[in-house]
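Written below as structure tokens is the structure these notes are about.
What follows is calculated from the coordinates using simple rules that are stated; it is not laboratory data. Just so it is clear, the structure is predicted and the values come from calculations on it, not from any experiment. A quick note on method: Cβ atoms are made from the backbone with ideal geometry, for glycine too, and the neighbour counts reach across all protein chains shown.
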Amino acid sequence: MQLQRTSYKLTEFFILFIVLPVSLVLEYSPYIKAGLVVSGFIYIIWMLLKVEKQEFKIGKFLDWKQFWRRTLVLLVTISILTIAYVYFTDASKLFIVVRTKPLLWLVILFVYSIFSVYPQELIYRTFFFARYESLFKDKNLLVFVNAIVFCLAHLLFNNTLVLILTFLGGILFALTFQKTRSSLLVSIEHAIYGCWLFTVGMGEMLGFPV
């Protein structure tokens, strides 16, 4: 089948995960950019459902205790590091949205988790692994490439720290998905860490209103 050929997948990968995100950095109509992103997302969902025959479900991973233990340990570590970072770079921003706009804080946590995190995970974990995992003999290389393209998706923020964080996050989320095969679990993990960055006062660099 044409859509499953290696040459087609490589071309598809290049367009969706390299050309498109890099193009968003260039100066052209935001309406065209939005149209390209929406078109790409529709294509990905169609491919997942009609070609890859994916079902959006929790997956086989059932050890919630292990998942929450690992996630909370990482969250504590991230919390300590990010609180120190915000405090020493600009202490006035520490928990600024929670302190000054608590309702906005709650709205952003909900909107971000549902309308940003979950679509990202469908694209960068569910679709990416379904389509391209078979192209990689080395599973560590698969995780590395996944983290790189996830990092590229955040080029438009024009912030080196964002690229570093999204690369590290990409590795973490790829490993979680590789183990669990659950879009839901990796989305929960992604949402927790992303919401924390907004909460601690680092949301501005990620495009959150403050």
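Computed values, structure above
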{"read-out": "Qualifying trypsin sites (Lys or Arg not before Pro) for the stretch 130-210 [loop in DSSP, other Cβ within 10 Å: at most 16]", "value": "Lys137"}
{"read-out": "Helical mean residue ellipticity (222 nm; -39500 (n - 2.57) per DSSP H run of 4+; nearest 500) of the chain", "value": "-20000 deg cm²/dmol"}
{"read-out": "Reach of Lys101 by Cα under 20 Å, taken over lysines that are not fewer than 8 positions away in the same chain", "value": "Lys93"}
{"read-out": "All Cα pairs of the stretch 132-210, percent lying beyond 18 Å", "value": "45 percent"}
{"read-out": "Ordering of 38-45, 197-204 by burial proxy (mean other Cβ atoms within 10 Å per residue, highest first)", "value": "197-204, 38-45"}
{"read-out": "Peptides 79-92, 11-24 ordered by average Cβ neighbours within 10 Å, highest first", "value": "11-24, 79-92"}
{"read-out": "Between helix 183-200 and the chain: long-axis angle, C-alpha atoms, 0 to 90°, nearest 10", "value": "30 degrees"}
{"read-out": "Spread of Cα-to-Cα distances over 5 Å intervals beginning at zero, given as percent, for the chain", "value": "1, 6, 13, 18, 20, 16, 12, 7, 3, 1, 0, 0"}
